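Below is one structure; the comments refer to it alone.
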Amino acid sequence: MSGIDLKTAPHLLLTPRLRLEVPRSDHAEAFADGVAASMPALGFVRWGLKPRDVAWARAFCEDDARCVAAGEDLDFHVFEIADGGWVGRIDVHTIDFKAARGEVGYVGDVRRAGRGLMREAVLAVIELCFRLGFQRIEAMSDARNTRALHFATTLGMQYEGLLRRHERDVHGQFCDMALYAALNPDFRAGAESPVPAALQAAPQTPPAPEPRA
């Protein structure tokens, strides 16, 4: 079994411009406001398709806090130090503790986009994951979500392939998912498995999504 213990993870991370805090119920108002302002950009987020109120946000924060306390997930709300404003939410979920891997997800307030704040925050969370013993952090996005795909590349993640008809999208239709991943640079468990030549030549950018009827 992996030695990862999420209960030992800090509840506060600081970066040059940001505070990352484990969700609390008193984050709900800022969270709800950020989601409301960003709805036009949340078309690929299942819970971002309709307006959400503070009661919904409070329940969401409380559930995040429960998952963190149980050591199931990592969850953070991101705030800008300069004015205390809500920047976004980051989680590491679908964790395979034995394989030391998890999937990172993120949603940002569009009003604070364009300054690299979410990139700064997500990189801090990925670094934390590697310190905790994760060997692999993945990001998966609907292949049509070009904004999310571009963001993954800015994190230094490597495109690994297209999972065709892998999930149902927010409207219940089958969709292709693009897979990106970052590996722990301090891997010392032994020589990595050789990569077949055919896979070494795999494209590093996702193909354009197939047209849909």
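Laboratory data are not the source of any read-out in this text; all were calculated from the coordinates shown. The shown structure was predicted, so the numbers you read here are calculated from the model rather than taken from an experiment. Cβ placement follows ideal geometry from the backbone for every residue including glycine, while neighbour counts extend to all protein chains displayed.
Approximating the spin labels as points 7 Å out from Cα along Cα→Cβ, the ARG119-to-ALA69 distance works out to 3.7 nm.
Per residue, the Cα convex hull of region 6-139 amounts to 101 Å³.
For region 1-89, the set of GluC sites (Glu not before Pro) satisfying both a DSSP loop assignment and a count of at most 15 other C-beta atoms within 10 Å is given as GLU72. When the Cα positions of ALA139, PHE97, GLY48 are compared along the charge dipole of region 6-139, ALA139 comes out farthest toward the positive end, with charges on each C-beta of Lys, Arg, Asp and Glu.
Got the relative contact order for the chain handy, in percent, Cα pairs under 8 Å and 6 or more residues apart?
Details: 346 pairs, mean separation 37.3, N = 213.
Taking the mean separation of contacting Cα pairs over the length of the chain, I get 18 percent.
Using only helices, what value at 222 nm comes out for the chain when you add -39,500 (n - 2.57) per DSSP H run of length 4 or more and divide by the total residues, to the nearest 500 deg cm²/dmol? Mean residue ellipticity, 222 nm, calculated: -8000 deg cm²/dmol.
Put +1 on the Cβ of each Lys and Arg and -1 on the Cβ of each Asp and Glu in the chain; which of GLY84, TYR180, ILE4 then has its Cα farthest toward the positive end of the dipole? Final value for the positive-end residue is TYR180. Residues considered: ASP64, ASP26, ASP109. Largest GNM mean-square fluctuation over the chain, using C-alpha springs under 10 Å, is found at ASP26.
Across region 73-150, Cα pairs under 8 Å and at least six residues apart give a relative contact order of 25 percent. Other residues lying with their Cβ under 12 Å from the Cβ of TYR106 contribute a combined charge of -2, Lys and Arg counting +1, Asp and Glu -1. Think of each Lys and Arg Cβ as +1 and each Asp and Glu Cβ as -1; about the Cα centre, that makes the dipole of the chain roughly 380 debye. Taking amide hydrogens as placed 1.01 Å from N in the peptide plane, the amide H of ALA143 sits under 5 Å from those of ASP176, MET177, ALA178, each at least 5 positions away in sequence or on another chain. Screening the chain for DSSP H helices whose Cα atoms reach 18 Å or more along their own axis and whose mean Kyte hydropathy is at least -0.5 gives 54-69, 117-132.
Across region 91-110, the residues whose backbone nitrogen lies under 18 Å from the label position 7 Å along the beta-carbon direction of ALA36 are 108-110. Rank ALA57, ALA121, THR153 by how far each Cα sits towards the positive end of the charge dipole of the chain (+1 on Lys, Arg Cβ; -1 on Asp, Glu Cβ) and give me just the farthest. Among ALA57, ALA121, THR153, the one farthest towards the positive end of the dipole of the chain is THR153.
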